[in-house]
Structures are given as structure tokens and as C-alpha cells.
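Since the structure comes first, as C-alpha cells, the remarks are kept for the end.
The values are calculated or read from the model by the stated rules, or taken from the named source; none is laboratory data. Every value quoted in this text rests on a predicted model; they were computed, and no experiment measured them. With ideal geometry, Cβ positions are generated from the backbone for all residues, glycine too; neighbour counts draw on all protein chains shown. Only protein heavy atoms, including side chains, enter the accessible area calculation; ligands, DNA and RNA are left aside. Shrake-Rupley method; radii C 1.70, N 1.55, O 1.52, S 1.80 Å.
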Amino acid sequence: IAPETLLTTLPGQLTSGDMVIILGNLIENALEAVAKSPVKQVIVSITENTSQIKMSIKNSGLWIDDEVKEAIYQRGFSSKGENRGYGLALAAEKVHINNGTISHTNLPEGGVVFEVLISQTGRGDRYE
């Protein structure tokens, strides 16, 4: 957990259950990503300001191929085998329902960082 991590309260629309789904799935995916990596590092950061909360989950695993960068957020897509591909889709759905965004970036030094931004106010539309 990054030293700057601090969250004093959840935005009014974000439930603790939503937070567990979002963070739990992103952390689980990060741990799976580093399992076969020579450097096994996962860094979780949560910060807030008056307009939004930001969750950042960084891992030292392999990059995400450009060919699948959109598909990874869709229910049923997985590069890990059958009967998978629901966690990241569910996390993305919870993010969008709560008026937020989720994205990822391949890092120049290797690894990937997922970033979630959720507004401090207002509930978004249902994500499909």
C-alpha cells in the first residue's frame, strides 16, 4: 500500500460492497499478473480530493496487448482460460454505475497500472 493512501469517507453513492468488488478484483488480477513475473510487485494507492477519489493498482506483470485493451472490460473475456472474465467486467460495471471511469496504461518500465476515478457526487447511468 502506497504511503500516500488515504480515504476518509466513501462518496455518498459508493457502497462499501462496490468498493470491495472494484478493489478486490483489481488487486486479484494484479496478483495473478505478477505470479510468473521475475519481479513481483503490486502497489495500491487510494487518494481523494473534493471532486473525486482515485484508486491506482500498479503491477510488475506483462503488458496488456493493444488488441485486447477494450475487450478486457467485457463480461466473459479472459486470457486466462475458460470460465473466467467476470471480475474486471464487474469492477468496470460498478465503476460506471458510480459515475466513474476505469482505464489502464502499460508502463514504459514494464507492468501495468489500472486507474479508477469516481466522482464524489452523483450516481451514473447503468453500465452495459
Net lengthening on full extension, ARG75/THR101 (0.36 nm per residue, minus Cα-Cα): 7.7 nm
Where Cα atoms sit under 20 Å apart: lysine pairs in the chain separated by 8 or more or lying on different chains: 10
Magnitude of the charge dipole, the chain, Cβ model with Lys/Arg +1 and Asp/Glu -1, debye to 20: 240
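Looking at segment 1-53, which GluC sites (Glu not before Pro) are in a loop (DSSP not H, G, I, E or B) and have at most 12 other Cβ atoms within 10 Å?
Those that pass, being in a loop and sparsely packed, are GLU4.
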Candidate residues SER16, SER45: accessible-area rank, largest first, probe 1.4 Å: SER16, SER45
Accessible-area composition of the chain, carbon plus sulfur, in percent [1.4 Å probe]: 53
With all protein chains modelled, accessible area of LEU88 [1.4 Å, Å²]: 20
